[in-house]
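Only one structure is covered here, and it is reproduced in the block below.
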Amino acid sequence: MAPILVARHVTKRFGGLVAVNDLDFEIEEHAIASVIGPNGAGKTTFFNCITGFYVPEEGTITFEGKEIQGLRPDKITSMGIARTYQNIRLFAKMSAIENVMVGMHPRLSLHWWDAVVHTPAFVRQERRVLRRAWELLDYIGLADWANHQANSLPYGAQRRLEIARALASEPKLLLLDEPTAGMNPQETAEMIEFIRKLRDDWDLTILLIEHDMKVVMTISEKITVLDFGTKIAEGKPEDIQRNPRVIEAYLGRGAASGLPTAQAADSAA
Amino acid sequence: MQATTWRSTIKAGLLTGVIALYVALTGMVLSLSKRPVVDKLSLGHVVYMLVFVVMGYLTARRSSWRTTRPALVPVQGLVVGGIGAALLALLPVFGQQVDLSWIFVTTKPNLYKFLLFNQESMAVGVAYLVLTGAALGGIAALLPILPEVLHQGLLYGAGFTLLLGVLSDLAQRTVLKVVLKPLFAYKGLKPSGALILFVVLSVLFGLRHWWLQRQRERSTMEVILGERPAWARGVQQGLLLGFLLILPVWLLNKDAYLNSVVNLVNLYIIMGLGLNIVVGFAGLLDLGYVAFFAIGAYTVALMTSTGDLGHGYTFWQALPLAVILALVAGVVLGIPVLRMRGDYLAIVTLGFGEIIRILANSDWLKPFMGGALGVLDIPKPALGNLVLKEEYQLYYLILAGIFITWFIATRLYHSRVGRAWQALREDEDVAEAMGIHLVTTKLLAFGFGAAFSGLSGAIFAAKVGSVYPHTFNLIISINVLSLIIVGGIGSLPGVVVGALALVGLPELLREFSEYRMLFYGIALITMMLVKPEGFWPKKLNVYSRPQDDTGPATP
Amino acid sequence: MNQWQRRLDYWRRRYDITDVVVWLFGLTILAVALYGVVRSLQTTTYDAKRWAQFVVYGVSQGGVYALIALGYTLVYGILFMINFAHGEIFMFGAFGALFTALALDKAEYWNQHPVASLLIVLVVAMVTSSAVAVLVERVAYRPLRKAPRLVPLITAIGASFTLQYTARSFFGSGLRAFPELDMLKGSVNVLGLEIGKSHALTIVVSLLMMAGLYWYVQNTKTGKAMRAVAENKDVAALMGIDVDQIIVRTFILGASMAGVAGVLYSLIFFQVKFFMGFVPGIKAFTAAVLGGIGNIPGAMLGGYFLGIFESLGPALILEGLGIPAPSQLKDVIAFTMLVMVLIFRPTGILGEAVAEKRA
């Protein structure tokens, strides 16, 4: 399959600090891949470069054959990339269903005058919006919470709502920033299943940032390891587990002796 | 809640004293003393006595003894009021020895006399003051330990009796005078009238509370969320519309003064609806809002005036242009400033408001805009042969303006644009990541706000008949901002509540106008600290499933 | 791609029509201003001495702006909020100075011991301003430190109006005359230039205060703690810094500067009124933005720049455009400048790219 997103030589600096350094990266269509690395390795910065929040100083990012680096975030979202945030960022004072409705923004076309006059097209579109928002809430199992303020939802529900909001923009590529952060093992296992189901149901490509090694190893088809902004390893989960440079980055120098196991990597996270 | 101690009570008493001193030093006490509320009790008395009442009440409400040792709670109130009054008494005692008036202009002998109940002997006066403070604090502290129905009934009963007393001369100009006549003296309530009103209102409010309480216990979540039947809402809206249509000619008796106050309130409502889009929906703090009001007003003034500066168009020809010019100004100003962060926006718009005023005032533009002398001789709008020259006739024009702006604001709110505005208000970065074009979305909010303000300004010019640059100062912007915050940010009915409370009341109490800005400032801070959602908070929209939704929940 | 192509490519991607409109708007104003300057210089009736006096006047005015601007910048640097009430803190300082001066004048101390009197007045003004600032921080800002951004901004506006109209109620709505100081009458001759003594004093005192402040922030323990808190509140708290305490001290420091500014302002204009904080407040904020908000040397530079620009502006730009009574439009120049800075260099003269606030 062809790669849906290709990054070449991407570099992002903050003053003297090189947050992402000459990064090459690609992800196949319909794949689930992860970017891992210690704190401050540049994972979220890389996400921000893809979604247009940061403009990389060098390099190109190509999405479905079009260069997107430096485009404004709203344009990139309209092209089919959506994301969630490490520390949940819902529209707190809006209801759950309104959050989803906002997500549909780039897929709607009518203007304010349609809204004032209530043209037939507008009425049709609003009905479609509402129906789809309910469908999405049903899909993530939050229909009962539809009319509750987003910040009153339980933690796990907020995570799922954020995903629903991203799905509402009909993305082809979904970026999830630590989707299982702060979850207990039970919830984490559910989330892993949910992510897989997402990919299959919506024909998505999913790119994760994740700290939890168990999650990364179970779910990813490909893992990219960053350290100090540089890619130090890439490959299948099994290969990554055995890679001495990865272990060194996570556990420090000298820890690379002995056979690393999933458990070791896990506890390191 | 911290455990209550005598020490915290004394602290509350000291705070009470400081607040009472502050009130006395602002001069409110004396300048409001010419308005009687009940018999000889004037608004001046009420203002500083309210400090003891409110503080006694609040102390009691927050007291942890309310459940453990209820008998001590009124004593607490007594102490708070007493200490507060004693501190206040220091002002006349000290002030009669040392002249303070070169610092505090209000500390004149007649203030001291007033505070000491006009007693010859200082000792007697001080004793009166302290006893009054203690008594008021103690009585107010009783309320929270009474049963809820009594508590709420008495609280609202007393509040509204006072309000009626304050507004007595105005109430007597309305059609209600027939009913109220026996209760009122020439100015203020008769003591007997006050007592009757207090009892009746207390009972009514008590019953209301009891009824609401029962409703609340009975109803489940669904009932609260579910909509009332369509016919009930129709009837309700019909009644409201009917009331609004007959208000100036029936209830207000075509009274020119009362109707002019209502018209002013209504003009502020139009502005409030506009600024509510900018601040309430989209979360952009615009402090130069008066500029668009001025642009609307000057457009109508210059186009229609029959004076030297005018161009002889009719009001109806000028009105659309006024709205459009305001809108264009909004967009032109918006483009550079809307790319900035929120707090810069506040200052730049503030500066813009000042620029417009300075330009209108300048000699440079005097040949076109009249400079400080303003534009005079603006004719009233006419419908065919009917010239809307009376305030009660203009009322309908302004009411139409409110309906139109209200309609547009509601429609926009429930659309893609409205949702984008709210998203923007909640989190700009995420909104952008959701595909919302920040600048156009903000511009749209800014443009609508400006257009509404322009509309209001256009009607204002025609209503008043003349415009001067000094009318359009920052205070109007702050007025509008305060009223939407007091009413409830983002809430349309809140705009009405805010305008009535912050424009209507001060306008009716002319003695109060000097303290208006002080009042707004304090209102802004207190609301943000205590009740940031406002007095009529925005309700969360409720969305039900579309009826034709039958298909299975699949992507 | 060479560098220029790359830059062009970047612009094409990042900006759209609204940005172009903004730049055109800004460039138009710039062009008009430049045309005004050229015309003014061609037709000017002022000699070099007069221009120099404009500059001196601007420097002294700018010193006042700079002192006030420091308060905005210090608070912004640490709390990332605009202390809207800062202009009023300046005003209260001036009132504190006024009453002290009146008392000293009544005791016939004022003109007999002018230097000692001035020192007393300065201290009282600093204390008054600081007291008001601490009160505002405690009542209106501290409880809302974690609230959404709009909330403290609104209380700040509320605090500003409350203070302004409290002063109006307490001290009266009219002008209050500041007692004149014989020592400051007349002028001194510096390098052939006649400088009013009060202007000279203003220039010297403001420079001294700013040098003192800079030293304080760079070298004392409190100054270092301030910079730590500005960097990261949580980490600073972990390092054992009492964040609340440091914030209060920052307010006091900024307010003291405003208090001194209040005295200097009164010595230039010899009048004090409740409304006096408003316009200098906005101007000083402009100065702070001009220099790069959050940046201490920037605020100083911005203050002087604004003072000079504003003093020269009417004669240098507006007269050439044929505008009558150009000094009426002095404030318009300052506000326009603020807009121009925000269009072309939102980070200010010395501001580094304020760390992108992004996700």
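The values are calculated or read from the model by the stated rules, or taken from the named source; none is laboratory data. It should be emphasised that the depicted structure is a prediction, and the values quoted were computed from it without experimental measurement. Quick reminder, even Gly has a Cβ in these numbers, built from the backbone with ideal geometry, and neighbours come from all protein chains shown.
Going by the structure shown, is B:V279 surrounded by fewer than 24 Cβ atoms within 10 Å (Cβ to Cβ) and among the β-branched types (V, I, T)? No, not satisfied. The set of residues in region C:167-186 that are on the phi < 0 side of the Ramachandran plot and free of Cβ contacts under 8 Å to residues at least 12 places away in the same chain comprises C:S169, C:F170. For B:F198, the conditions (1) part of a helix (DSSP H, G or I); (2) at pLDDT below 80; (3) surrounded by 14 or more Cβ atoms within 10 Å (Cβ to Cβ) all hold with the exception of (2). Of all residue pairs spaced 6 or more apart or on separate chains, those with beta-carbon atoms under 7 Å, a first member in region B:474-489 that is assigned by TED's automatic domain parsing to the domain that holds B:V503 and a second member that is polar (S, T, N, Q) and crowded, with 24+ Cβ neighbours inside 10 Å are B:I484/B:N276.
A single member of C:G240, C:G254, C:G223, C:G259 is surrounded by 13 or more Cβ atoms within 10 Å (Cβ to Cβ) and either free of Cβ contacts under 8 Å to residues at least 12 places away in the same chain or outside any helix (DSSP H, G or I) (or both), and it is C:G223.
Residue-by-condition table, conditions (1) buried (at least 21 other Cβ atoms within 10 Å of the Cβ); (2) within 14 Å of another protein chain (Cβ to nearest Cβ); (3) among the polar types (S, T, N, Q); (4) in contact with a Phe, Trp or Tyr (Cβ under 8 Å, 6 or more places away or on another chain):
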residue	(1), (2), (3), (4)
B:L394	yes, no, no, no
B:I398	yes, no, no, no
B:T405	yes, yes, yes, yes
B:S456	yes, no, yes, yes
B:F460	yes, no, no, yes
B:S466	no, no, yes, no
B:N473	no, yes, yes, no
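Among the conditions (1) farther than 29 Å from C:Y214 by Cα; (2) surrounded by 21 or more Cβ atoms within 10 Å (Cβ to Cβ), C:S60 misses just one, which is (1).
Scanning region B:5-41 for residues that are of a type in the set (S, T, Y) and more than 14 Å from chain C (Cβ to nearest Cβ) yields B:T5, B:S8, B:T9, B:T16, B:S33. Of the residues making up region B:88-124, those that are under 25 Å from B:A140 (Cβ atoms) and either within 33 Å of the chain's Cα centre (by Cα) or not assigned by TED's automatic domain parsing to the domain that holds B:L143 (or both) are B:L88, B:A89, B:L91, B:L111, B:F114, B:L115, B:L116, B:F117. The C-beta contact set for region A:218-230 (first residue closer than 14 Å to A:D22 by Cβ and at pLDDT below 90, second residue of a type in the set (A, V, I, L, M) and assigned to a strand (DSSP E or B), distance under 6 angstrom, 6+ apart or interchain) comprises A:G229/A:V18; A:G229/A:A19; A:G229/A:V20. Whether any residue in region B:377-386 is on the phi > 0 side of the Ramachandran plot, more than 7 Å from chain A (Cβ to nearest Cβ) and in contact (Cβ under 8 Å) with a residue 24 or more places away in the chain is what I want to check. Within region B:377-386 (the criterion being on the phi > 0 side of the Ramachandran plot, more than 7 Å from chain A (Cβ to nearest Cβ) and in contact (Cβ under 8 Å) with a residue 24 or more places away in the chain), the answer is yes, since at least one residue qualifies. Of all residues in region C:38-52, none satisfies being of a type in the set (A, V, I, L, M, F, W, C), crowded, with 18+ Cβ neighbours inside 10 Å and part of a helix (DSSP H, G or I).
Residue by residue, here is whether (1) under 23 Å from A:T218 (Cα atoms); (2) touching a Pro at 6+ places or on another chain (Cβ under 6 Å); (3) surrounded by fewer than 16 Cβ atoms within 10 Å (Cβ to Cβ) holds:
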{"position": "A:L17", "(1), (2), (3)": "no, no, yes"}
{"position": "A:T51", "(1), (2), (3)": "no, yes, no"}
{"position": "A:G59", "(1), (2), (3)": "no, no, no"}
{"position": "A:K66", "(1), (2), (3)": "no, no, yes"}
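Has region B:18-38 got at least one residue that is at positive phi and small (G, A, S)? Yes.
Of all the residues in region A:42-94, those that are within 14 Å of chain B (Cβ to nearest Cβ), over 13 Å from A:A166 (Cα atoms), under 12 Å from the mean Cα position of the chain (by Cα) and not polar (S, T, N, Q) number 2. Collect the residues in region B:57-77 that are closer than 18 Å to B:T16 by Cβ and of a type in the set (V, I, T), keeping them in residue-number order. Once the filter is applied, which keeps residues that are closer than 18 Å to B:T16 by Cβ and of a type in the set (V, I, T), region B:57-77 yields B:T59, B:V73, B:V75.
Here C:K330, C:K283 are screened, and the one residue that is charged (D, E, K, R), in contact (Cβ under 8 Å) with a residue 12 or more places away in the chain and touching a Leu at 6+ places or on another chain (Cβ under 8 Å) is C:K283.
Considering only region B:108-127, I want to know if a residue exists there that is buried (at least 22 other Cβ atoms within 10 Å of the Cβ) and not aliphatic (A, V, I, L, M).
Within region B:108-127, none of the residues are buried (at least 22 other Cβ atoms within 10 Å of the Cβ) and not aliphatic (A, V, I, L, M).
For region B:490-514, filtering for residues that are closer than 24 Å to B:L32 by Cβ, surrounded by fewer than 24 Cβ atoms within 10 Å (Cβ to Cβ) and in contact (Cβ under 8 Å) with a residue 12 or more places away in the chain leaves 11. For B:A85, the criteria (1) closer than 29 Å to B:L167 by Cα; (2) crowded, with 20+ Cβ neighbours inside 10 Å; (3) at pLDDT below 90 hold in every case but one, which is (3).
Listed by position, the helices (runs of 4 or more DSSP H) inside region A:1-110 whose residues that are assigned by TED's automatic domain parsing to the domain that holds A:L226 number at least 3 are A:43-51, A:73-79. Please verify whether region C:105-112 includes one or more residues that are closer than 26 Å to B:I19 by Cα, in contact (Cβ under 8 Å) with a residue 24 or more places away in the chain, within 14 Å of chain B (Cβ to nearest Cβ) and not in a loop (DSSP other than H, G, I, E, B). Scanning region C:105-112, I find no residue that is closer than 26 Å to B:I19 by Cα, in contact (Cβ under 8 Å) with a residue 24 or more places away in the chain, within 14 Å of chain B (Cβ to nearest Cβ) and not in a loop (DSSP other than H, G, I, E, B), so the answer is no.
Restricting the first member to region C:153-166 and to residues that are more than 7 Å from chain B (Cβ to nearest Cβ) and under 16 Å from B:I475 (Cβ atoms), and the second to residues that are of a type in the set (A, V, I, L, M) and part of a helix (DSSP H, G or I), the beta-carbon pairs closer than 8 Å and six or more apart or on different chains are C:L163/C:I89; C:L163/C:M91; C:L163/C:V132; C:L163/C:V136; C:Q164/B:M517; C:Q164/C:M91. Can you say whether B:V331 is part of a helix (DSSP H, G or I), within 17 Å of B:K463 (Cβ to Cβ), touching a residue at least 60 places away in the same chain (Cβ under 8 Å) and among the aliphatic types (A, V, I, L, M), as far as the supplied structure shows? Taking the combined requirement at face value, the residue does not satisfy it.
In this structure, A:A121 does not satisfy being out of contact with any strand residue (DSSP E or B) (no Cβ under 8 Å at 6 or more places or on another chain), outside any loop (DSSP other than H, G, I, E, B) and buried (at least 19 other Cβ atoms within 10 Å of the Cβ). Of the residues making up region C:56-73, those that are closer than 13 Å to C:G303 by Cα and of a type in the set (V, I, T) are C:V59, C:V64, C:I68, C:T73.
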